[in-house]
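The values are calculated or read from the model by the stated rules, or taken from the named source; none is laboratory data. Small disclaimer: the values here were computed from a predicted structure and weren't measured. Here the Cβ is made from the backbone with ideal geometry for all residues, glycine too, and neighbour counts use every protein chain on show.
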Amino acid sequence: MKFKRVLISTVLVLGISTVLVALGAQEGAKDQKVESPKVLAVLFYADWCNSCKALEPNLNKVKRDFQGQSILFTRFDLTDDFTKDQSAQYAALLGLENYYQENAGKTGYMLLIDRQSKKVLGRITKQNSPEEIKAAFSNALAGKLAAG
């Protein structure tokens, strides 16, 4: 009997604690300011793309360094007809339908695009080192066009 009361009390305390933690997390999320990104980093990707498989590890090494900065990392998936259709719609939503149409079918690279002007600020491929990728992201955020 005493064990039952202790168990019920423990469950109640854990339940209340969980609710309070969740409410605190929601409150913190409300305080976080959400802004539109300055730069769109769009990976032209497909599951079957060997260049994508070579590029992604270097991208993933660097992307987290830019957490909280005004850059949106996303992808247009050209793996199959369904993902192509979804990516075409997503491109239109982002105002990037021209880039999608010009580049659809080509994979294994990332375009860095100024969200407002829609200018390409840089292009990243599997040949770029993590240091070069980091510099390209920084330059794009500063509004600088890539050299070359």
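Taken over segment 64-78, the criterion of being surrounded by 13 or more Cβ atoms within 10 Å (Cβ to Cβ), part of a helix (DSSP H, G or I) and without any contact (Cβ under 8 Å) to a residue 40 or more places away in the chain is satisfied by no residue. Quick check: is even one residue across segment 83-95 of a type in the set (Phe, Trp, Tyr), part of a helix (DSSP H, G or I), modelled with pLDDT of 95 or more and over 15 Å from the mean Cα position of the chain (by Cα)? Checking segment 83-95: not a single residue is of a type in the set (Phe, Trp, Tyr), part of a helix (DSSP H, G or I), modelled with pLDDT of 95 or more and over 15 Å from the mean Cα position of the chain (by Cα).
Tallying residues that are part of a helix (DSSP H, G or I), touching a residue at least 40 places away in the same chain (Cβ under 8 Å) and not small (Gly, Ala, Ser) within segment 36-62 yields 7. The C-beta contact set for segment 100-124 (first residue within 15 Å of LEU40 (Cβ to Cβ) and surrounded by 18 or more Cβ atoms within 10 Å (Cβ to Cβ), second residue of a type in the set (S, T, N, Q) and modelled with pLDDT of 95 or more, distance under 6 angstrom, 6+ apart or interchain) comprises TYR109/THR125. Picking from residues in segment 125-148 that are in a loop (DSSP other than H, G, I, E, B) and either among the basic types (Lys, Arg) or modelled with pLDDT of 95 or more (or both), the one that is surrounded by the most Cβ atoms within 10 Å (Cβ to Cβ) is ASN128.
To keep it simple, each residue is scored yes or no on (1) polar (S, T, N, Q); (2) under 26 Å from LYS33 (Cα atoms); (3) in contact with a Cys (Cβ under 8 Å, 6 or more places away or on another chain).
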site: GLN69; (1), (2), (3): yes, yes, no
site: ASP81; (1), (2), (3): no, no, no
site: GLN89; (1), (2), (3): yes, no, no
site: GLU102; (1), (2), (3): no, no, no
site: TYR109; (1), (2), (3): no, no, no
site: THR125; (1), (2), (3): yes, no, no
